[in-house]
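Inspection log for the structure reproduced underneath, given as structure tokens.
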Amino acid sequence: MKHNQQRNTNILLIGTALSYNQGTAAQALSAYRSLKEFNPSSRFTLISPYPSSDSKQCAKYGINMINGSLARLLFHFPSILREYKRADVIISLHGDSYSDDYHAFDIPWLPSSFLPWAQIFWGILLRKPVVIYPQSIGPFKTRLTRFLARVALNKTRVIMARGQITYEYLRGIGIDEARMHLVVDSAFLLEPSPPERVEEILSTENINKNTAPLIGMSISQSIIQFSGFKERGERRGSYITLMAQVVDYLVNKLDATIVFVPSVIGPSKELDDRIIGHEVFSKVKHKDRVIKITNEYTPEEFRGVVGHCDLFIGARMHANIAALSMHVPTIAIGFSHKTPEIMMSVGQDKYICDIKGVTFEELVSKIDDAWHNREKIREDLESSVKVMRENLISTIGLIKQLLSD
């Protein structure tokens, strides 16, 4: 058995990327590092939708990369199929895209669940063990997509639901509970960069960690389309105004320094958080108390910076996970079930704001509460994150068994 555990194994990572998005990169890297510990000689391959940028990132970590762009999928699929055939286990890292809440390839009539289903089903057809790494799955809004999900997911080996809402939803549509496990997002396992590297970044960005309080903000370019305002332009303007008001409130009440930390920077301008951060900044009165990070950093570096904050307000889920994992009191602004289930998993669900109806009064009320109770929240997070990390590591151990068989 020991010999089998150390044999060369091929692990295929699907549904993720290392570029542009701190969240997907954190998921992929935490999966890579956790599974590498089980078998250091494993060969990892990532099917990337952004091959030109991911090639450099993959080379840095020793991960093989296959071009998984749309053009490649359409015209050169055999090269991708070869990696499926070579794989000993396939790891799905689709985050929250296995859902009908979005559209695949920006095609209005094509649910976003189609692409994850297809990527997973190819592995099933080839009789490969498929593992659903921690994800928020659903909802599936048509009979067809529910049927396809039920067929595919019930053929996988392990399903890790990254929250109670996902777990209950999957059970409700007929997914076999024997293969389901309730865990937290894998990014909770990612460690921050070494202190000396974090100090270097703080210096580069002119962030004085001894300036108290230091409050981080993740302002999302994407969340606007899910807010409750009627017109896109009105939604954008209202969200920008709300964020600017919150910044000025924090400066006036707490004498705070605010750091804008972009979690997503592309690949398109429509997804780049730095752009909307600049728009918020333009409406802030106390511009001298705002630091805008515009450089690109690794998820580990990002985590190290966020860890120096006294409070965090985030509209990007993985920015919030970075803060929570570093025991930073966090106010989460969300639009789907992924936000409440992540906050619930670490006992922080009272600090959730739904973008569809959030007001300035509600947001600052939660901020005031979190600030007043910040020391207790840190203690609670230290305890709850430790327990959830241990549970996740134990569940990931099931993949070790698959690799050993």
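The values are calculated or read from the model by the stated rules, or taken from the named source; none is laboratory data. Since the model is a prediction, treat every value here as computed from it, not as a measurement. Glycine also receives a Cβ, built like all others from the backbone with ideal geometry; neighbour counts cover every protein chain displayed.
Mind counting the residues in the range 144-186 that are farther than 22 Å from PRO111 by Cα and either in the same structural domain as GLY304 (by TED's automatic domain parsing) or hydroxyl-bearing (Ser, Thr, Tyr) (or both)?
1
Can we say SER325 is modelled with pLDDT of 95 or more, among the hydroxyl-bearing types (Ser, Thr, Tyr) and touching a helix residue (DSSP H, G or I) at 6+ places or on another chain (Cβ under 9 Å)?
On the way: modelled with pLDDT of 95 or more: yes; among the hydroxyl-bearing types (Ser, Thr, Tyr): yes; touching a helix residue (DSSP H, G or I) at 6+ places or on another chain (Cβ under 9 Å): yes.
Yes, satisfied.
SER42 versus (1) among the polar types (S, T, N, Q); (2) over 16 Å from THR298 (Cα atoms); (3) modelled with pLDDT of 95 or more: which is the lone unmet condition?
The failed condition is (3).
If you go through the range 254-284, how many residues are in contact (Cβ under 8 Å) with a residue 40 or more places away in the chain and basic (Lys, Arg)?
Going through the range 254-284 one residue at a time, the tally reaches 1.
Before we move on, is HIS308 assigned to a loop (DSSP other than H, G, I, E, B) and more than 18 Å from the chain's Cα centre (by Cα)? I'd like the intermediate steps shown before the answer.
Values: assigned to a loop (DSSP other than H, G, I, E, B): yes; more than 18 Å from the chain's Cα centre (by Cα): yes.
Taking the combined requirement at face value, the residue satisfies it.
Could you say which residue among THR145, THR156 is of a type in the set (Val, Ile, Thr) and either assigned to a helix (DSSP H, G or I) or surrounded by 23 or more Cβ atoms within 10 Å (Cβ to Cβ) (or both)? Step through it out loud before you land on a result.
Working: THR156 fails: either assigned to a helix (DSSP H, G or I) or surrounded by 23 or more Cβ atoms within 10 Å (Cβ to Cβ) (or both).
Testing whether each residue is of a type in the set (Val, Ile, Thr) and either assigned to a helix (DSSP H, G or I) or surrounded by 23 or more Cβ atoms within 10 Å (Cβ to Cβ) (or both) leaves just THR145.
From ILE120, ILE137, grab the single residue that is within 15 Å of ASP96 (Cα to Cα), assigned to a loop (DSSP other than H, G, I, E, B), at pLDDT 95 or above and not hydroxyl-bearing (Ser, Thr, Tyr).
When all the criteria are applied, what remains is ILE137.
Any idea which of LYS285, LYS292 is of a type in the set (Lys, Arg), at pLDDT 95 or above and surrounded by 15 or more Cβ atoms within 10 Å (Cβ to Cβ)?
Values: LYS285 fails: surrounded by 15 or more Cβ atoms within 10 Å (Cβ to Cβ).
Of the residues listed, the single one that is of a type in the set (Lys, Arg), at pLDDT 95 or above and surrounded by 15 or more Cβ atoms within 10 Å (Cβ to Cβ) is LYS292.
Looking at ILE223 and the list (1) over 30 Å from ILE275 (Cα atoms); (2) modelled with pLDDT under 95; (3) hydrophobic (A, V, I, L, M, F, W, C), which single condition is not satisfied?
Status for ILE223: all satisfied but (1).
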